[in-house]
Amino acid sequence: MSEIKSRDFHAPHLGGKCPECGGLRLIKDYETAEIVCIDCGFVIEDKIEDTGPEWRAFDDEQREKRTRVGAPLTFTIHDKGLSTMIDWRNKDTYGKNLSPGQRAQVYRLRKWQRRSRVSDATERNLAFALSELSKMCSSLNLPKNILETASVIYRRAVKKRLIRGRSIQGVTAAATYLACRQCGVARTLDEIAQYSVINRKEIGRSYRFIVKELDTFVPQSQPSYYINRFSNQLGLAGRIETIAIRVLNAAKDVQLTSGRGPLGIAAAATYIASTIAGERRTQREIAEQANVTEVTIRNRYKELIENLDIVVKI
């Protein structure tokens, strides 16, 4: 089997047949770097070059990391990272400073290169919007996959001409929120509006419009997404997070989570778990982190206690 794996059928450029016997059954042996005729064993070529890479890759991620043909394509740049950049430092390839005449020439080249990258209104729109997306994702500490997903959503909106009559900041904020929902990252509209110049109402309106026009599937926001976040913000131990997730799973089994806000359910589960584990946090402390009212936590707490038969000693 190893011999078969190291060879494949090959038709060389010399007429595609063996010069000795005229056979057409030729193989390329990678181990010996030879092209051999199967019928007579004549070595047609030897010491052939291996045009493949000298490294191995077992999946697409490793293949992209180890390749050396430039940066990978990215949707976070308006030209997808395919264009070149002229360095801002006025030095040549040897590190020497350029003369005044050369600096003026490089300045003109740099200016025209920037103009050529953004040639029409659509590219100018993308360049500004994608930079706004990068700033927002950086302010919210969102991972790179959220930025890529939001960039793809915004590009789809531009392609369908959904941006006309709407602010770029509002659509980028809505694309960021939609990307968070699709990737399962816990971010609320209030948090996104905090780092945007657009208010929450306008972002929500743009979000609903994009979801409708793009016919995009938006998964339901799960309360379990917020448990880890609340635990970290409140400085709770890992076992409290485990207890809170168990409470949520039990509540989901009896359909207590349907029709209720995920933030309130997650905050109430965190409150119950902290009380059971002996690291109790007040409802006000949890309400401040969850951005909900104490009344909401109290109502969800009573529902969970009564329907799940949980005994909490306060």
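Take the alpha carbon atoms of the range 154-186, find their center, do the same for the range 256-277, and report the distance between the two centers in whole angstrom. A separation of 30 Å, based on Cα centres. Entry note, the range 121-214: relative contact order of 30 percent, from Cα contacts under 8 Å with a spacing of 6+ residues. Exposed loop positions in the chain were taken to be chymotrypsin sites (Phe, Trp or Tyr not before Pro) whose DSSP state is not H, G, I, E or B and which have at most 12 other beta-carbon atoms within 10 angstrom. Between these positions, the longest stretch is 95-216. Rounded to whole numbers, the Karplus 3J(HN,Hα) couplings from phi for the range 86-99 are 9, 4, 7, 7, 8, 9, 8, 5, 8, x, 8, 5, 7, 6 Hz, using 6.51 cos²θ - 1.76 cosθ + 1.60 with θ = phi - 60°, and x at Gly and Pro.
Based on DSSP H segments of at least four residues, each scored -39500 (n - 2.57), the chain has a per-residue ellipticity at 222 nm of -16500 deg cm²/dmol.
Per residue, the average separation of C-alpha pairs within less than 8 Å and at least 6 apart gives the chain a relative contact order of 8 percent. Of 93, 188, 216, the residue with the greatest mean-square motion in the GNM of the chain, using alpha carbon springs below 10 Å, is 93. In sequence order, the range 126-132 has phi-based couplings of 5, 4, 6, 5, 5, 5, 5 Hz under the Karplus curve 6.51 cos²θ - 1.76 cosθ + 1.60, θ = phi - 60°, and Gly or Pro positions carry x. Multiplying each eigenvalue of the alpha-carbon gyration tensor of the range 224-308 by 5 and taking the square root yields semi-axes of 17, 14, 11 Å, largest first, rounded to whole angstroms.
Take every Cα pair under 8 Å whose residues are at least 6 apart in sequence, average their separation, divide by the length of the range 181-297, and the relative contact order is 23 percent. Karplus-based coupling profile of the range 151-168, in residue order and whole Hz: 5, 5, 4, 5, 4, 5, 5, 5, 5, 8, 6, 8, 8, 4, x, 10, 6, 5, with θ = phi - 60° in 6.51 cos²θ - 1.76 cosθ + 1.60 and x standing for Gly or Pro. Taking the chain as a Gaussian network of alpha-carbon nodes connected by springs under 10 Å, the highest mean-square fluctuation of the residues 110, 246, 25 belongs to 25.
The H on the amide N of residue 45, modeled in the peptide plane, is under 5 Å from the matching H of 35, each at least 5 residues off or on a different chain.
Using only side-chain charges placed at the Cβ, +1 for Lys and Arg and -1 for Asp and Glu, the dipole size of the range 121-214 relative to its Cα centre rounds to 400 debye. When the chain is treated as a GNM with alpha-carbon contacts under 10 Å, the residue of 199, 125, 299 showing the greatest mean-square fluctuation is 299.
Taking only the Cα atoms of the range 123-260, the radius of gyration and Dmax are 16.6, 52 Å.
Read the figures in this text as sums done on the coordinates, not as results from a lab. Remember, predicted model here, so these are calculated numbers, not experimental data. Cβ: placed from backbone, ideal geometry, glycine included. Neighbour counts: every protein chain shown.
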